Structures are given as structure tokens and as C-alpha cells.
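Reviewing the structure listed below.
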Amino acid sequence: MSVRTFYLGLIAAFGLPWVFLVAVPYGQLTANDVTMVDESIGQTYPQVNAGFIEYGNRIYASEGCFQCHSQMVRTTEVSVDPYRYESELGSPVRESRPEDYVGEDYAFLGVQRIGPDLANVGITKPRDIKQATGLDEVDPADVRQWHMEHLYDPRLIHEWSNMPSYQHLFEKRRIQGQKSNSALNINVGEGYEVVPTERAEALVTYLMSLKKNDPIGPPKADKPAADDEA
Amino acid sequence: MSSPSASENSLALLRANIDQSVRWPVLLFFTSAGFWFLASIVLGMISTWALLSPDTFSGCAMLQYGRVQSAHTTAMVYGFGFNLAFGMILWLMHRLCRLPMKAQAVPVVAGHVWNIAITIGILFILGGVNSGLEWLEFPKQVGPALLISYIAIALWAFVPFTQRDQPQTYVSLWFLVAALFAFPALFLPTQIMIHIVPGAAVVSSAINHWYIGGLLFLFFAPVAVASVFYFVPKVSGRPLFSFSLAVFAFWALIFLGGWTGLQRLIGGPLPAWMTAISGAATFLLIIPALLIWINTRATLADRSRLVTYSATLRFSYAATVGLVIATVFGGLTTIPSIFALTGLTQGALSVQIAILLGVFMFAGFGAIYFIIPRLCNCEWRSGSAIRFHFWFTTYAVIMILAMYLVGGLWQGDATYELEGTWKVVTDSARPYYIGRMLGWVLLLIANFSFVINLWSMIFGKGRKAGTATLLHEVDEMDKDLFVVEPTETSKA
């Protein structure tokens, strides 16, 4: 084998996968990465996250949440993902699509599921709380409170949980006058309260925003045959 | 025309000159790898313990699972893996090209920059700055420092390849040069297409997985195979069994390796052909792995009992067995019925661990046991210490791998039986975290003693006798094995 053949072989071996697994999807999927607006109701699809939610997304990355939680409902080509049984979301829940991640820097598809999938936790958590309390409606403030307490000490909610305690996202402080509105409903000693920092607020806002179940248009294969012929 | 003995003498002198010229850079990289290996094991122990007893570190943000697991993989890949690879590549390239290194200060300075950049990256990860990209968790600003220092080191390894005057190119050189080009070919597009001109979010995720697959099979695996194909013929005193088989295995590995990585996203929000082709490539990697093992085994042939005496041969041969196991793991976890269980579990990570620890680490230790005595002018003090290192390391790696794969199967199975609570998954994975913890402890014990041995060699405390340290006393029946006739490779 000559050195010239060797270099040409290397270029082909490194270049072909780059073209097909990186460059082509980069061009195609990025071209589809557009936001559509339904002007009749002023609604964008998919919903684009911004501001505080984006900040929460960065906290999610910084704390390494992606190491334990996935954010994708898989298709049925291999098996039925357990998260397709979330009946409150429609039956079955649709699989995650590239459009679901529009506006995010990076899709946190997950390393492994040490904890549950969070793709639709913005819908499933209010549902769980509704089922647990028997109420018809759930106040978003209650959902926020649940997330805050869960982040502060997961064992308060599930004694078997192995999720870390994110106490560093909270501040324990002496109550000055009246107890803070944002204080957690937990007992941390007489005269003291625990309040979330801005990072905890952002992370919970991000978690409450997670919904990867927006309506999507029909697949291209469903277009009328006449369109294709034209 | 010089006599054969004069030629042998001049070759021995040349080898000694080469060893002397690469001494400081190679020692820097090997000792750095030793430090980072211990650090990554300790971080791995902390992260595993955090899963078993999450309240142990409550109140200490930097020791929470998410952060410490990211720091653990960064230390393992860039601290241990790359430093060890740099040392191996620099020594092998100069030996194979028969050229001493010039301006050693350049790789030494670049090595310091690399290690400082990794340290900064890990401190930022532990401090709560994490990019969220697997194996690229450090802040993106660390990337350019890594790339520049890598290019400097790689250039110093590549220059002798362009200046060599041998008529033939030994097969290890193909693997080494491919690996040298692989990192920038993977890292640069990843940095540009994720951080500088990002595309759709799922494409960034796909690129991330492509990068991990490429690093495993285009960088770490080729360096390991280059080392095995160099040391097995050299130590056994037999020529490589088949050059053609080695070249075929090389092209199969290099042409398939770049397509891997995305199989972990089967069923994810990507076009199905991308994950399918990645799965097929991962499965097919069993072929080059088998060929590499067969070639190594056939090279040893009737000298295979040398594996029981030589540390280098034992670790190198174990690396080829590890390569077969790792690719079988990779192939198995792409079979749909198995992927249905191992996907998104610790089982999916078993391939990474198998390549890094089961293949690359073993090949690296084999190389160190050969190279260090030549750089330090003394021999390893005790065969029993090497035996202890080998067996504890082997048992530890087997245990860690088994826990990842079997634990992944149970963890995955439990996700189909949730019945409204995640408790079943947590409970099903817990025994395997305990097993993994034991594996890390074994690995730490084995390698703590190894690092002490390494430093004692560097301080000249090794055995001064001229013959290599064997793992056992030579049996009477094996005495013939130690009569070595020089081969083309062993002259390099």
C-alpha cells in the first residue's frame, strides 16, 4: 500500500461518515428548523423557549441532569417506549420529533434513564398532582412548589429516590418579619425558611415548560398523490 | 560493508538515542496518565456512591452525581486516555521510523497546556459550568486550548513519519497515523457545528454521539492495535502472522469506526437510517476485532506460553481479547430485542467502558511495561507486583463491565414494569451500583500500587540487572522460548 493510497483511504474513511451522518442531516434538519405561526390564534408551533426558560435550560446542563434523565419518547421500531402509555397526553403519546427541540441549543436526549424521562414533564406532573389530590384543576403554584421541594430534598417525597439533593440552589435564612411567599413548605427549624435562588426558579420554570407533544402536521407521505405528480 | 554485529550495535545505539530523545515527553504523558487514572477512578467511586447514598454529599454541590459523573468521564477520556495515547504514539512513531525526537520542549510544553486545560475544564464542571454535551462537558472555551496542544503533540509524532527512510511501512504506523488525524477530524467539526454555527438541536446531539463513536473506534482502538501489533512480534520474537490480514483489519476498522455512535439513539428524533447505519457499522466491527485477535494469536503460535512470563505480552494479548469482547458488546446492544432493554440504561455505556478500559488501557499498560525500563535504565522490581496489577485490573474491569451490561438489562426491563412508580427501576439497578463500586475499589487498589511502581522506576529505584523482569521463574520446559531470533519487526 502506497502512502498516497493510504491518505486517500483516510480521507474517504473520515469524510464519508462526516458527509452522511453530520453534513447532510445538518443541512436538512436545520432547514426544517423553522417556527410556524397560526395567525388566527396567534400561536407559534412549536413553542419557542426564551428568557428565563432558556436560563433554566443552562442550569439543567450545568447540574448534569442529562446524565440521569432523557428527554425523548422513542418510536416503536424497536419496542414500545413506556412513555407512550401516558394516556393523558393522547393515546398513544407520539414519538419525539426534531421539531420538538426548536429553540434549544442542544437536544438533551439523555445518557441513561436513572430517573424518569422528562420530555413531557410539564404535562405529566400537573396530571400526577391532580390524580393524587383528586382536584379538578391544579394551581401552577402547587406544581412549582412540588418541583421545589423535590429538588431541595427528593427523599421528602419518595424515600426510595436516589436523586441528588439540590440544596445549593436554595437559601436557608432567618425569617425577617413575614415569611417569604416563595418559601418552601418544609420545616427547617424555628424562625428559619428555605427560599429558592434565581437558579432554582429558572430550573423549575424550565421543567414546567417541558412539553414535546405539540400538534404536528401530516407526514409528507400523506400528501395527495396529485401533488407528488405535479 | 559493515559486519552484522556492527550493524546490530549501531541499531542498539540508535534505539538508545531515540529512547533518550523522547524520554521527558513520554515520561510526562505516562505520569500524567497515571495521575488522571487514579483521579478518574476516585471520581467514578464518588459518582457511584452518590447513586447508592445520595445524601452522603448533600450540601456539597460539586459532589452531586450529575457534576461528578461528568468530571469522571472527562478525567477518564482526556486525562487518562489521551495522555497515555500521547506517550505511546510519540515513542512508537520515533522507534518505528528510527529517528530521534528533536526539540522535545514542544511536546512537553503542549502536554502541560493539555493538562492545564483539562484541569480547568474539570474544575469548571465540578463548579457548575457544564456544556451538557456528553464527553464534551467542559466549557467550550477549553476546546481551542485542547486542539492547539493536540496539534503540537501530533505534529511532533507525525514529523518522523514524513522523514523516515525505511523502504517499508510497518502496519502499526498505519494505525498510529490514522489515529493522529482522527482527533482533529472529529473534534474540529464537532466544535464548529455545535458551538460556532449550530444547526438544529437534534443535529447537535447526533454530532455529539458521532464524536464519541469516532473517538472510541478511530482514536483509542487504533492506538491500542498499533501497540499490540508492535509489541507482540517484538517480544515474542516472531514476525506478524499476516500483513494482509492486518491491512484488511485496519481498513475495516477505519472505514466502519466513523459510522458508529448514533446507535444509542435508535428510536430517537432522528431519521431512522442514521441510527440504523450506525448500528450496522457497530455490529460489523466484530469482524476487524476478530481478525486482529486471530492475527495476534497466530503470531504468538508456539510461543504463546510467553504470555505467562512477559508483562507486555500479557497485557497486549488481553487487549485483543478485550477488543473482541467490546465489539461483541457493541454488536449485542444494537440487536433490537436487546437494545429494547439496554437503550438509555447503563448497558448502553458498556461499549465505551469496554473500549477504554478493556482494550485501550490494557494495551497502554503493556506498552508502559516495555517502554519505561528503556527510558529509566532499570527494570521493574518485581514480577509478583506486575501479576498483582494484571489480575486485580482484569477482575476489576470484568466486574465493572458485567455490572454495566447486566445491570443495564435489568434496569431496562424494569422500565417496562413501572406501574406508576419509578421505584422498581431504582431498586433493580441498585445491586449493580454496589458491584460497580467494588470494581472501582479493586481498580484503585491495583493501579495505586502500579503508579507507585511507576514513580519508583522514574526515580531509578528499579532493578539494575540487564534482563527484563519476568512474571514467573522460567520453567525448565519453557527455556527454549527465550532463545529469540531477531525479526524484521523486532529490529525496529
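Shown for the range B:383-482: the carbon plus sulfur share of the solvent-accessible area, taken with all protein chains present and a 1.4 angstrom probe, equals 67%. Taking Lys and Arg as +1 and Asp and Glu as -1, the other residues whose beta-carbon sits under 15 Å from that of B:Thr394 total +2.
To put it simply, the accessible area of the range A:49-209 at a 1.4 Å probe is 47 percent carbon and sulfur. Under 18 Å from a label point 7 Å along Cα→Cβ of B:Thr308: give me every residue in the range B:236-256 with its amide N that close. Correct set: B:236. Its Cα centre serving as origin, the protein assembly as shown has a Cβ charge dipole (Lys and Arg +1, Asp and Glu -1) of approximately 3120 debye. Between the C-alpha center of the range B:142-185 and that of the range B:270-339 there is a gap of 24 Å. In this structure B:Tyr416 has an accessible area near 80 Å², from a 1.4 Å probe over the protein heavy atoms. Computed from the alpha carbon positions, the gyration tensor of the protein assembly as shown leads to an equivalent ellipsoid with semi-axes of 49, 29, 23 Å, biggest first.
As a calculated quantity, the FRET efficiency between A:Gln28 and B:Ala280 at R0 = 30 Å, using C-beta atoms, amounts to about 0.90.
At 1.4 Å probe size, with every protein chain present, just tell me what the per residue accessible area of chain B comes to in Å².
34
Remark: mean inter-chain Cβ contacts per residue of B:123-136 equal 4, using a 10 Å Cβ-Cβ cutoff to other protein chain atoms.
Of the residues A:Thr76, A:Tyr192, A:Ala61, the one whose Cα sits farthest towards the positive end of the charge dipole of the range A:49-209 is A:Tyr192 (charges of +1 on Lys and Arg Cβ, -1 on Asp and Glu Cβ, taken about the Cα centre). For the range A:49-209, the Cβ-based charge dipole about the Cα centre amounts to some 300 debye (Lys, Arg positive; Asp, Glu negative; other atoms uncharged).
Surface analysis of the range A:49-209 yields an accessible area of 43 Å² per residue, using protein heavy atoms and a 1.4 Å probe. Among residues other than B:Gly462 with Cβ under 14 Å from its Cβ, the summed charge is +4 (Lys and Arg +1, Asp and Glu -1). Taking label positions 7 Å along the Cα-Cβ direction at both A:Phe52 and A:Leu16, the computed distance is 5.2 nm, reported to one decimal. Largest accessible area first, the residues A:Lys212, B:Lys464 order themselves as B:Lys464, A:Lys212 under a 1.4 Å probe with ligands, DNA and RNA left out. When you restrict to C-alpha pairs under 8 Å that are six or more residues apart and normalise by the size of the range A:49-209, the relative contact order lands at 27 percent. Averaging the sequence gap over all C-alpha pairs within less than 8 Å and six or more residues apart, then dividing by the number of residues, gives the range B:17-167 a relative contact order of 31 percent.
From its DSSP helices (H runs of at least four residues, each -39,500 (n - 2.57)), chain B gives a residue-normalised ellipticity at 222 nm of -23000 deg cm²/dmol.
Overall size of the range B:17-167 from C-alpha positions, given as principal axis extents largest first: 62, 26, 24 Å. Against chain B, whose longest principal axis comes from its Cα atoms, helix B:65-74 is set at around 20 degrees. Heavy atoms of chains B and A lose about 6600 Å² of accessible surface on contact, summed over both sides with a 1.4 Å probe.
Label positions at B:Ala6 and A:Glu149, each projected 7 Å from the Cα along the C-beta direction, are separated by 9.1 nm. The accessible area of B:Val321, taken with all protein chains in place and a 1.4 Å probe, comes to roughly 50 Å². Shielding value for A:54-61 is 2, the average number of Cβ atoms from other chains within 10 Å of each residue's Cβ.
All C-alpha to C-alpha distances of the range A:69-162, sorted into 5 Å bins beginning at zero, yield P(r) values of 3, 11, 18, 22, 21, 16, 8, 2 percent in whole numbers. Averaging Cα coordinates gives a centre for the range A:94-138 and one for the range B:13-86; these two points are 35 Å apart. All other residues whose Cβ lies under 14 angstrom from that of B:Arg314 are scored, Lys and Arg at +1 and Asp and Glu at -1, for a net of +4. Counting only other chain Cβ atoms within 10 Å of each residue's Cβ, the peptide B:45-57 averages 2. Whole-Hz Karplus values for the range B:169-181 come out as 10, 5, 4, 4, 5, 4, 4, 5, 5, 4, 5, 4, 7 Hz, taken residue by residue from phi with 6.51 cos²θ - 1.76 cosθ + 1.60 and θ = phi - 60°; glycine and proline positions read x. For chain B, the longest principal axis of the alpha carbon atoms and the long axis of helix B:243-257 meet at an angle near 20°.
When only Cα pairs below 8 angstrom with a gap of at least 6 residues are kept, chain B shows a relative contact order of 16 percent.
Taking 0.36 nm per residue of separation and subtracting the Cα-Cα distance, full extension of the segment from B:Leu147 to B:Tyr416 would add 92.5 nm. Normalised by residue count, chain B yields a Cα convex hull volume of 149 Å³ per residue. The angle between the Cα long axis of helix B:201-214 and the longest principal axis of the Cα atoms of chain B comes to about 30 degrees, rounded to the nearest 10. Along the axis of the charge dipole computed for the protein assembly as shown (Cβ charges of +1 for Lys and Arg, -1 for Asp and Glu, origin at the Cα centre), the listed residues A:Gly51, B:Val108, B:Phe124 are led at the positive end by B:Val108. Taking each pair of different alpha-carbon atoms in the range A:49-209 once, compute 1/r for the pair, average those values, and report the inverse of that mean as the Kirkwood hydrodynamic radius in Å to one decimal. One over the average 1/r among Cα pairs gives 17.1 Å for the range A:49-209.
The values are calculated or read from the model by the stated rules, or taken from the named source; none is laboratory data. Source: prediction; values computed, not measured. Cβ atoms come from the backbone with ideal geometry, glycine included; neighbour counts cover every protein chain shown. Ligands, DNA and RNA are stripped out before the accessible areas are found, and what is left, the full protein with its side chains, is counted by its heavy atoms. Shrake-Rupley method; radii C 1.70, N 1.55, O 1.52, S 1.80 Å.
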